[in-house]
1. Subtract the Cα-Cα distance of Leu114 and Ser91 from 0.36 nm times their separation in residues, and report this length gain in nm to one decimal.
2. Computing the accessible area with a 1.4 Å probe over protein heavy atoms, can you report the carbon and sulfur percentage for region 1-141?
3. Determine, for each peptide in 44-54, 147-157, the mean count of other beta carbons within 10 angstrom over its residues, then list the peptides with the highest first.
4. At 222 nm, what helix-only mean residue ellipticity would the chain give, in deg cm²/dmol to the nearest 500, using -39500 (n - 2.57) for each DSSP H run of four or more?
5. Can you give the FRET efficiency to the nearest 0.05 for Glu137 and Ala54, using r as the Cβ-Cβ distance and R₀ = 41 Å?
6. Set the Förster distance to 35 Å, then compute FRET efficiency between Lys64 and Ala144 from the Cβ-Cβ distance, nearest 0.05.
7. With every protein chain kept in place and ligands, DNA and RNA left out, what is the accessible area per residue of the chain? Probe 1.4 Å, answer in Å².
8. First select every other residue whose beta carbon is under 10 angstrom from the beta carbon of Ala75; then total the charges, Lys and Arg +1, Asp and Glu -1.
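The values are calculated or read from the model by the stated rules, or taken from the named source; none is laboratory data. From a predicted model like this one, the values you see are computed outputs, not experimental measurements. We place every Cβ from the backbone using ideal geometry, glycine too, and count neighbours over all the protein chains shown. Ligands, DNA and RNA are stripped out before the accessible areas are found, and what is left, the full protein with its side chains, is counted by its heavy atoms. Shrake-Rupley method; radii C 1.70, N 1.55, O 1.52, S 1.80 Å.
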Amino acid sequence: EAVTDHLKEIGAATGDPGTATRACLAPAMFARDVRKDDAKARKFYEDCLEKFPANAFLTGETMKFYDAIKKPELATALIRKAAEQSPENLSLRAGLANRLETTDDDAGAEKVLLDAVESFKSAGAWNLLATHYRRTEQPEKALAAIEKVIELSGEQGDQLRFTHADLLIDMHQLDRAESVAKDLQEPTYARLIQGRIELERGDAKAA
């Protein structure tokens with residue numbers, strides 16, 4: 001316990017936010033995992049949050065702790081507050097959207113990501129929205145979002161081509177999917193897409 005307290009001091013002295021944040025968590029994790037003292041651990045987590053209120057890693061770790069002690073409402077409030085306090089932090093907005101999804105608030109998650117798209121106007125924000133639509137089984141919206149990612153990206157890598165082709169298959173636009181897949185450089189991606197296309201066409205053996 002003394003070592004974890006000292007580690008927290010050393011981390012703070014470095015002046016490096018990444019190091020300081022992780023070192024700050026050492027006493028919290030010791031109290032949680034070794035002492036089995038949730039009340040003490042909570043104080044340590046919340047002390048770190050006061051010092052680093054917009055740190056996505058710390059926010060995520062504290063949310064896990066709140067969930068573990070059966071305080072999910074605190075976890076949701078925490079990520080919402082962090083995202084609101086740091087609107088320029090896309091990862092916090094993504095974390096809030098994920099949290100809302102896991103608590104069955106798909107409409108809330110969509111609103112968070114639509115606001116992010118409006119604020120950032122970036123391929124990254126649109127990609128988060130596309131992923132949300134895929135997870136919530138809205139292929140038409142997902143396809144429109146991924147095509148916006150392609151437009152903003154300028155050039156496509158294999159991962160983006162693969163996702164685009166995969167979505168086209170979800171929409172049963174098999175010829176278009178095949179056209180996109182022909183430019184895939186990674187053989188595994190190309191085979192996976194072709195396999196899905198063959199299956200959709202009813203040829204399980206070829207797939």
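1. Separation in residues times 0.36 nm, less the Cα-Cα distance, equals 6.9 nm.
2. Working: 4250 of 7700 Å².
C and S atoms contribute 55 percent here.
3. Answer by packing, highest mean first, reads 44-54, 147-157.
4. -25000 deg cm²/dmol
5. 0.80
6. For Lys64 and Ala144, the calculated efficiency is 0.55.
7. Numbers: 11470 Å² over 207 residues.
The answer is 55 Å² per residue.
8. Within the 10 Å Cβ shell, the charges total +2.
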